[in-house]
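Notes follow the structure.
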Amino acid sequence: MADDRYKKSSPYTADRGIPGAFEGETVTRRRFMGATTHTLGAVAAGAFALPALGFALGPVFERTKLPWQSVGPLDDFTKDTYVPRVIQIVSGIGEAGKTTVYVRLRNPQIDTEPGGKSAAIVISTRCNHLGCPVRFTAAAGKFICPCHGGVYDFRGLREGGPPVRPLDRFYTRVENGNVMVGPRYSVNSELRRFSPRDPGEPLDGIGQYLYPARFSTPEKAGR
């Protein structure tokens, strides 16, 4: 009698007692159909996941190369209040690519943040809660967000409400007596500079490690 170890297995799933087997189905066909199903499932999952992943990671690799822009002569600004100016932050889309910024001269008595050497301070008007536009109120010396009650002090530091960090700033320099505005950057509560982040992304403590920095604005771009 031949040894059972050398007996050829049946090619049919029913003979092997494979769950879900039906008459005439072979093991090869079962494996082929299973592999096909898994492949189609992976393709379908990729069709949904890849666009979402690209949308999430796109800002990390975004590179914005806008020229430095003049916002007016140095004599137009003072240390005591902010003057609104309009700059281009996205090229090629006309008026929709413009935003308002607030400009003042640096005051050595209060502007003691690290790396602060430029003669001017330029602050973003985008609230760091959800991105609503803030307005500087001269009488109170504060920036107020009308959407959810965010309040920032004269230097743009958060004083109250839901914002997670101070108002963003722009690199500045002076050329031929004019204040030039460069790339935007973000700051934490100590006004330490970081590559630009989006609203709702804190930069204090562990927050600075939880959100990826963009590669578009190096932290030493200003002077």
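Each reported figure results from applying straightforward, stated rules to the coordinates on display, with no laboratory input. Keep in mind it's a predicted model, so treat the numbers as computed, not measured. When we count neighbours, we look across all protein chains shown, and the Cβ atoms used for this are built from the backbone with ideal geometry, even at glycine.
Taking other Cβ within 10 Å of each residue's Cβ, how do Val90, Val122, Val164 sort, fewest first?
Val90, Val164, Val122
Quickly work out the Ser91-to-Ser10 label distance, labels modelled 7 Å from Cα along the C-beta direction, and quote it in nm with one decimal.
It works out to 7.3 nm between the two label points.
So what is the relative contact order of region 76-191, in percent, for Cα pairs below 8 Å that sit 6 or more residues apart?
18 percent
For a test of the definition: using alpha carbon positions, the gyration tensor, and the 1.5 limit on a/c, classify region 69-210 as rounded, prolate or oblate.
Note, shape of region 69-210 comes out rounded.
When the dipole is taken about the Cα centre of region 76-169, and only Lys, Arg (+1) and Asp, Glu (-1) are charged at their Cβ, what size is it in debye, to the nearest 20?
60 debye
Calculated FRET efficiency, Asp111 and Asp204, Cβ-Cβ r, R0 30 Å, to nearest 0.05?
0.90
Can you sort Cys127, Cys147 from fewest to most other Cβ atoms within 10 Å of each residue's own Cβ?
Ascending Cβ contact count within 10 Å gives the list Cys147, Cys127.
Using the 10 angstrom Cβ neighbour count as an exposure proxy, how do Ile87, Ile110, Ile144, Ile93 rank, fewest first?
Fewest-to-most ranking of Ile87, Ile110, Ile144, Ile93: Ile93, Ile110, Ile144, Ile87.
Quick one: if the Förster radius is 45 Å, what FRET efficiency do Glu159 and Leu50 give, using the C-beta to C-beta distance and rounding to 0.05?
FRET efficiency, Glu159 to Leu50: 0.60.
Taking the Cβ-Cβ separation of Ser189 and Thr78 as r and a Förster radius of 25 Å, what is the calculated FRET efficiency to the nearest 0.05?
For Ser189 and Thr78, the calculated efficiency is 0.45.
What trypsin sites (Lys or Arg not before Pro) does region 84-153 have in DSSP loop regions with at most 11 other beta carbons within 10 Å?
Lys117
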